[in-house]
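First comes the structure, then the notes that go with it.
The values are calculated or read from the model by the stated rules, or taken from the named source; none is laboratory data. Here the structure is a predicted model, which means the values were calculated and not measured. Here the Cβ positions follow ideal geometry from the backbone for every residue, glycine too, while neighbour counts run over all protein chains shown. Keep in mind that these areas ignore ligands, DNA and RNA; they rest on the heavy atoms of the full protein, side chains included. Shrake-Rupley method; radii C 1.70, N 1.55, O 1.52, S 1.80 Å.
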Amino acid sequence: MMALAARFPQTLALSRQGACAYLHALFAETTAAGIAVVLINLDNFKKINEALGYAAADQLLETLHKRVLSVADQGMSVHRLGGGEFLLAMPGVIEPRRIREVVELIEEMLRFPIDLEAGRRSLSGSLGISLFPDDGSNGAEILRNAEIAMYEAKDRGRNRHCFFRRTHYDIIQQRLSLEHDLVEALADDQLLLYYEPRVDLNTERFCGMEALVRWKHPQRGLVPPLEFIYLAEQTGLINRLGQIVFEKAVRQAARWREAGIPAVPISVNLSAFQLNDRDLLPFMQETLARYGVPVRMIDIELTESAAVSTDDSAAGTQLQQLRAMGFRLMIDDFGTGFSSLGQLQQLRPDILKVDKSFTATLDSSADGKVFVAAIISMAHALSMRVIAEGVETVEQVRHLRDLRCDEIQGYLLSRPMPSDAMTALQQQPAFPQIY
Ligand code: C2E
Ligand code: MG
Ligand code: MG
């Protein structure tokens, strides 16, 4: 053990490779029945680093290192890793209750306020625990599994600890492989847009369409957005993905114009994360100009919860600028979030899209109809139009007409379709009367 301490002094930060080598040596030399390895990852470290600057952040890590060391008993070791991480090894400590005791002390140490030039701060960490030899036979495996447990702690909302679980390993593996594929999908142009038509209930005419992204995965076939948008948001790939979608929609609008097909606006879904992307607006402006498409041909859909969370933030400013550029704003999935009347009045969207779960209640419950009626009359009072999404039955259309809903979309009219099917539909003299 002495030799080990000399080779890996705790005052030096270890690289990942160094950490593997350290664990490797520790496992080889130990006489204990087992060793618990804890990976401690500070929450929001990137932000802290940016806010404090490198030198102050480094000092902060030094202080935390000392605090964690003060918790460590005889025989335990604590190493700093890069990026706001620490590695704690506890030879002979394998009983879950005892591990938890130590880990909870560390969590307390992290939360204890710390005085910085910028003021007093309280931190938190996400901790992952894996056990040698139960969870792996060498340093690299144990470290990776502690990392997987740490990611689970992050996924569950941070500021907590998790023990390594094999089932979570499988989930992470799947996600990693999908993430890897998604990076390729963006580079290899594997995304395509489907279009879902909308009809104006007053004129009964085709009046717009929604662009919905699909992923043509080389092995899995056509993957629906709900299976990868979330992942794109978590990994930051959403900004690039959103730009690709926007450009495809604009290019399609330009093609239809060139073909002399009567133009209706295309609405594009925007993720809340994209509002934090400073490149978004210049990209949109440049793309519209490049294809010669006027801004009124593209509408923006933002979910209710996304729109509400833009209150006085940088995202809110971007949203205002977006509207100043001339985009119409639709609030998507309306009724599922928690926007207040005040927020709606401030935001002043052009259009509310009633969520399909409410449309579905129209032919089953009287309450459902009352609710949709309330949304529509409120929207009209604030000069907004209303679109009902997810319309599946003729009965629903009848109710929506009674309630003076402006537009509808849904499987009754058509499922989302590829662009050439949409071209054919647009060339028909009138929209097929199916209701
Ligand atoms: P959304 O924007 O609310 O889109 C409507 C979803 O409901 C679409 O699913 C559509 O196919 C489906 N739908 C349409 N009519 C009916 C109906 O009559 N009955 C039922 N049960 N469903 C209907 P899809 O294409 O799987 O998209 C799911 C969600 O993924 C979208 O919900 C949207 O939030 C998101 N999404 C799609 N494309 C994009 C995109 O390009 N960017 C972003 N950020 N999100 C996207
Ligand atoms: Mg939508
Ligand atoms: Mg929706």
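Remarks
- Put a dot 7 Å past the Cα of residue 222, heading toward its Cβ, do the same for residue 124, and the two dots end up 4.2 nm apart.
- Against the rule of thumb 2.2 N^0.38 Å, how large the Cα Rg of the stretch 1-71 comes out: 1.32
- For residue 155 and residue 313, the FRET efficiency from 1/(1 + (r/R0)^6), where r spans their Cβ atoms and R0 equals 22 Å, is about 0.35.
- Trypsin sites (Lys or Arg not before Pro) lying in DSSP loop within the stretch 254-284, provided at most 11 other Cβ fall within 10 Å: 278
- Extension gain, residue 54 back to residue 73 (0.36 nm per residue minus Cα-Cα distance, nm): 3.8 nm
- Gaussian network model of the chain, Cα within-10 Å springs - most flexible of 179, 147, 101: 101
- Förster-model FRET efficiency, 56 Å R0, residue 366 and residue 276, C-beta, rounded to 0.05: 0.85
- Straight Cα distances below 15 angstrom link residue 47 to the aspartates and glutamates 58, 85, with same-chain residues fewer than 8 positions distant left out.
- Per residue accessible area in Å² of the chain, where ligands, DNA and RNA are left out and the probe is 1.4 Å: 49
- Centre-to-centre, using Cα atoms only, the stretch 6-33 and the stretch 242-310 are separated by 53 Å.
- Spin-label model distance (nm) - residue 32 vs residue 305, 7 Å beyond Cα toward Cβ: 4.1
- Spin-label proximity, residue 402 to the stretch 334-356 - amide N less than 11 Å from point 7 Å beyond Cα toward beta carbon: none
- In the chain, the calculated helix contribution to ellipticity at 222 nm averages -14500 deg cm²/dmol per residue, counting -39,500 (n - 2.57) for every DSSP H run with n ≥ 4.
- Of all aspartates and glutamates in the structure, those lying under 12 Å Cα to Cα from residue 216, and not within fewer than 8 positions of it along the same chain, are 181, 184, 188, 189.
- For the stretch 135-290, DSSP calls about 80 percent of its internal beta bridges antiparallel.
- Net lengthening on full extension, residue 95/residue 46 (0.36 nm per residue, minus Cα-Cα): 14.3 nm
- GNM result for the chain, Cα springs below 10 Å: residue of 17, 173, 409 fluctuating most strongly: 17
- Rounded Å value of the spacing that divides the Cα centres of the stretch 313-335 and the stretch 99-116: 41
- DSSP H segments from the chain that extend 18 Å or more along their own axis, Cα-based, with Kyte-Doolittle mean of 1.0 or above: 366-381
- Nitroxide proxy distance, nm - points 7 Å out along Cα→Cβ at residue 165 and residue 188: 3.3
- Stretching residue 383 away from residue 323 to a fully extended chain increases their span by 20.0 nm, per 0.36 nm per residue minus the current alpha-carbon distance.
- Members of 154/356; 46/356; 248/353; 248/356 lying beyond 30 Å, as alpha-carbon distances in this model show: 154/356; 46/356
- Beta bridges by DSSP in the chain, antiparallel share as percent, to the nearest 5: 60
- Comparing 130, 365, 177 in a Gaussian network model of the chain where C-alpha atoms under 10 Å apart are linked, the largest mean-square fluctuation is found at 365.
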